[in-house]
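Step one of this worksheet: look at the structure below.
The values are calculated or read from the model by the stated rules, or taken from the named source; none is laboratory data. Not measured: the values here are computed from a predicted model. In this analysis, Cβ positions are derived from the backbone assuming ideal geometry, glycine residues included, and neighbour counts consider all displayed protein chains.
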Amino acid sequence: MSRQILSIDIRNNSIAAVVLNTGLKSSTIEACAQISLPEDIPEENRLGAGLAALLQHGIPSNATVVASLPADRTIYRTVLVPFKEEKKIRQVLPFELEPNLPIAVDELVIDFQRNSDQGKTGLLTTAIDRHYLEYIMAAMTAANMRPQLVMPGDFPLALYLTAYCGKTDERAILLNVGTRRTTLFALKDKSIALVRSLASDVASEAGVEALALKIRQTLTAFADSDPDGFTPKTLHLSGPALNAGASARLAKALDLPPQAVDLRPSAPKLDAATLSDQWHPYIFDNALAMALIEAEGRPCPTFHRSSSPVRKYWTTYRPYIRGPAVLLAVVLLLSLAGVLLESHLLKKSVDQVNAKAEALFAATFPQSRRVGGDVLEQMKSELKKAKSNSIDPGQTVPEVRTIDILFQLSQLIPKEVDVVFSRLVLGNDGLTLSGETAAFNIVDDVKGRLEKSDLFKQVTIASADMDKGGNKVHFKLKIDL
């Protein structure tokens, strides 16, 4: 499913925006723009005016918005904590930072980034003035831009660069050069180990030398405090104030091989061919990094995050829920295994009973063919058929067998008697015997002979009629069994 992300890189004198369309297979840079903040209006209105001008450049406001604040507004500190649970870290972090902060900790919004080796470098914390953050949020809300994430300035670019440190040296520095400030990032073991914002002016040779001196002093102090030391091998360069001359002077002053940062070729699943004429990596790379972080869900320190209460609860209590959740999953799996085993044993028992029933059916009715369905019902049906030898199968099976009735008839009526039986019906109310003979007295004779049988309780002539030709007498006898 595609999604549109608007990332806004806010600086002290300009804003840069990138619109990224994300999809399952690839992402495309839809638009980009840079706006200089007007200097002839009050400072509190400059950002609002810049955002309004940004919308006039065709930048959509209905996309998912992420933003970063000026890098020099963020306070960075590195602290050590004796535990890893996020809830405990957030509880003690203000007390750990308070002695080293220039303002009261209650006036700050604080977040942190875990480093790759917490035992050595601890946590890289970020903090920003709460009132300044409220000013930014109010200005963006007034422009109908409600950011989902608000990140530290220049940090997304450094964070995204560390994701591809396998292609570069493990020790490197990133300089994000602005018109008045330069942000220094020390990259170590695919993580950000140090961040400092330094005053700079790279337009002149003296300004570059002054900046290089500050960088060397900062890195020397950092190397002395790190047990493994820190010797960078590569200089990554970016920033809106960077140009070819400044890059060469910085590389020469720091005595490091320079490498210009350009995220478009290195970012996975990104169509780098769009907006080639308008794209300037030094200006838009940080905004692009923000959009990619939001699209890929990479962890990053934030000063504001709009998320559902469920997600926030899960993030906070995930370490405490993980153990019971695993135990619950094991219990459910064992219960399911028990149910499946019991079902298998029960099915096996049912199959054995069915096999015995099939064998009993085959032994009892060898002449019958087994058909599908319940073997018990078919066995009942076969028993009914075995008991019923009635000529009329529609009648109820009597207690006296038909073969016994026929035997009595053959014994009581000799062959000399001129009589022919044409129909025998056996039902609940007895036996009905139909036939024809030559005279009425023969009917009386047959009745008398049948009454001598112990099998027949009573014999009644139900009807006796001469046919139209006068040759035959048709009769019907009612016999009670």
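Just so you know, in region 224-247 the residues that are out of contact with any helix residue (DSSP H, G or I) (no Cβ under 9 Å at 6 or more places or on another chain) and surrounded by 15 or more Cβ atoms within 10 Å (Cβ to Cβ) include one that is nearest to residue 283 (Cα to Cα), and it is 247. Exactly one residue out of 96, 107 is over 23 Å from residue 287 (Cα atoms), surrounded by 14 or more Cβ atoms within 10 Å (Cβ to Cβ) and of a type in the set (Asp, Glu): that is 96.
Yes or no, residue by residue, for (1) assigned by TED's automatic domain parsing to the domain that holds residue 282; (2) in contact with a helix residue (DSSP H, G or I) (Cβ under 8 Å, 6 or more places away or on another chain); (3) more than 15 Å from residue 279 (Cα to Cα):
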| site | (1), (2), (3) |
| --- | --- |
| 16 | yes, yes, no |
| 22 | yes, yes, yes |
| 32 | yes, yes, no |
| 47 | yes, yes, yes |
| 50 | yes, no, yes |
| 53 | yes, no, yes |
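Restrict the check to region 198-216 and report whether at least one residue is farther than 28 Å from residue 35 by Cα, assigned by TED's automatic domain parsing to the domain that holds residue 295 and not in a helix (DSSP H, G or I). No, region 198-216 contains no residue that is farther than 28 Å from residue 35 by Cα, assigned by TED's automatic domain parsing to the domain that holds residue 295 and not in a helix (DSSP H, G or I).
Does residue 238 meet the test of being among the polar types (S, T, N, Q), out of contact with any Lys or Arg (no Cβ under 9 Å at 6 or more places or on another chain) and modelled with pLDDT of 90 or more? For residue 238, the condition - among the polar types (S, T, N, Q), out of contact with any Lys or Arg (no Cβ under 9 Å at 6 or more places or on another chain) and modelled with pLDDT of 90 or more - is met. A search for C-beta distances below 8 Å between a residue of region 364-378 that is modelled with pLDDT of 75 or more and any residue that is β-branched (Val, Ile, Thr), counting only pairs 6+ apart in sequence or on different chains, returns 378/371. Residue-level analysis places residue 41 among those that are free of Cβ contacts under 8 Å to residues at least 12 places away in the same chain and in contact with a helix residue (DSSP H, G or I) (Cβ under 7 Å, 6 or more places away or on another chain).
Figure legend. Inter-residue proximity from region 78-90: first residues part of a helix (DSSP H, G or I), second residues surrounded by 13 or more Cβ atoms within 10 Å (Cβ to Cβ) and not hydroxyl-bearing (Ser, Thr, Tyr), beta-carbon distance below 6 Å, spacing 6+ or different chains. Indicated pairs: 89/81.
There is at least one residue in region 178-192 that is in contact with a Cys (Cβ under 8 Å, 6 or more places away or on another chain), part of a strand (DSSP E or B), closer than 23 Å to residue 285 by Cα and touching a residue at least 24 places away in the same chain (Cβ under 8 Å). If only residues of region 178-200 that are crowded, with 16+ Cβ neighbours inside 10 Å and among the charged types (D, E, K, R) are counted, the one that is nearest to residue 246 (Cα to Cα) is 181. Output yes when any residue across region 265-277 is within 30 Å of the chain's Cα centre (by Cα), outside the structural domain of residue 153 (by TED's automatic domain parsing) and either part of a helix (DSSP H, G or I) or modelled with pLDDT of 85 or more (or both), and no when none is. Among the residues of region 265-277, at least one is within 30 Å of the chain's Cα centre (by Cα), outside the structural domain of residue 153 (by TED's automatic domain parsing) and either part of a helix (DSSP H, G or I) or modelled with pLDDT of 85 or more (or both), which makes the answer yes.
Mind checking whether some residue in region 418-430 is of a type outside the set (D, E, K, R), within 60 Å of the chain's Cα centre (by Cα) and either at pLDDT 75 or above or surrounded by fewer than 16 Cβ atoms within 10 Å (Cβ to Cβ) (or both)?
Going residue by residue through region 418-430, those that are of a type outside the set (D, E, K, R) are 419-422, 424-428, 430.
Imposing the further condition that a residue be within 60 Å of the chain's Cα centre (by Cα) reduces the set to none.
Looking for residues that are of a type outside the set (D, E, K, R), within 60 Å of the chain's Cα centre (by Cα) and either at pLDDT 75 or above or surrounded by fewer than 16 Cβ atoms within 10 Å (Cβ to Cβ) (or both), one finds none in region 418-430, hence no.
Here residue 451 qualifies as surrounded by 13 or more Cβ atoms within 10 Å (Cβ to Cβ), closer than 18 Å to residue 405 by Cα and of a type in the set (D, E, K, R).
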